[in-house]
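The structure appears right after this line, and notes come after that.
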Amino acid sequence: MLRLFFAQAVDAHVLLRQAAGLVWGLEDLPDLDRAPGGKPVFHNFPHRCFNLSHSGPYALCALGDSPVGADVEVIRPRRPSLPQKVLSGAELVWFLDRGSRWEDFYTLWTLKEARVKQSGAGLTRPPRDIAVPLLEPGQHAQLDGLVFTAYAGEGWRAALCAADPGPLIEGIRTS
């Protein structure tokens, strides 16, 4: 099972503590450690999979039975040349065809971040080489044995990536 929690004006670690208490019944968070690629893990509970992200006032926390990746980003203009540097050819065409909106760029970017966070590898290869499905917010799709979901709200985009998410339960909080 996969659980996703989103909050505004809450620290990502506070959100993790609340989510772990709700889902796993943990009163305190286990000690955190880093996997070889830098992904945070619970030192004594490797079967408790989670991922965190924060951007501006937003925090995102995903809990699962298998490795999961999550990313949230505040939408803000960037250098105009950035999409050409980090998007694959097909992604760039999709982005340009949609009017070169930063909202669409961040949908793709959060999907890419969620994918590399799911694997635990981080950004060890050029972003344009990280394949993701072309999704509208609210859609999900499979690619390379992974399931991707895109999310959106006013001023933010987010994504989730998991190998076998099973039923997805979303816990959306706004404060």
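The values are calculated or read from the model by the stated rules, or taken from the named source; none is laboratory data. Note that this is a predicted model, so its numbers are computed, not measured. Here the Cβ is made from the backbone with ideal geometry for all residues, glycine too, and neighbour counts use every protein chain on show.
Taking the condition at pLDDT below 95 and within 27 Å of A35 (Cβ to Cβ), does P165 pass? Yes. Applying the criterion of at least 2 residues that are farther than 15 Å from R157 by Cβ and out of contact with any helix residue (DSSP H, G or I) (no Cβ under 9 Å at 6 or more places or on another chain) to the helices (runs of 4 or more DSSP H) found wholly in the range 45-122 leaves 89-97, 102-119.
Scanning the range 123-138 for residues that are charged (D, E, K, R) and in contact with a helix residue (DSSP H, G or I) (Cβ under 7 Å, 6 or more places away or on another chain) returns a single hit, R128.
Within the option set A9, A35, being exposed (fewer than 14 other Cβ atoms within 10 Å of the Cβ), over 15 Å from the mean Cα position of the chain (by Cα), within 21 Å of I75 (Cα to Cα) and among the hydrophobic types (A, V, I, L, M, F, W, C) holds for one residue only, A9. Within the range 46-56, being out of contact with any strand residue (DSSP E or B) (no Cβ under 6 Å at 6 or more places or on another chain) and either free of Cβ contacts under 8 Å to residues at least 12 places away in the same chain or surrounded by fewer than 16 Cβ atoms within 10 Å (Cβ to Cβ) (or both) holds for P46, H47. For the range 7-30, filtering for residues that are of a type outside the set (A, V, I, L, M), over 21 Å from S119 (Cα atoms) and touching a residue at least 12 places away in the same chain (Cβ under 8 Å) leaves 6. Out of the residues in the range 61-93 meeting the condition of being within 26 Å of K39 (Cβ to Cβ) and of a type in the set (K, R), tell me which one is surrounded by the most Cβ atoms within 10 Å (Cβ to Cβ). Looking at residues that are within 26 Å of K39 (Cβ to Cβ) and of a type in the set (K, R), I get R78.
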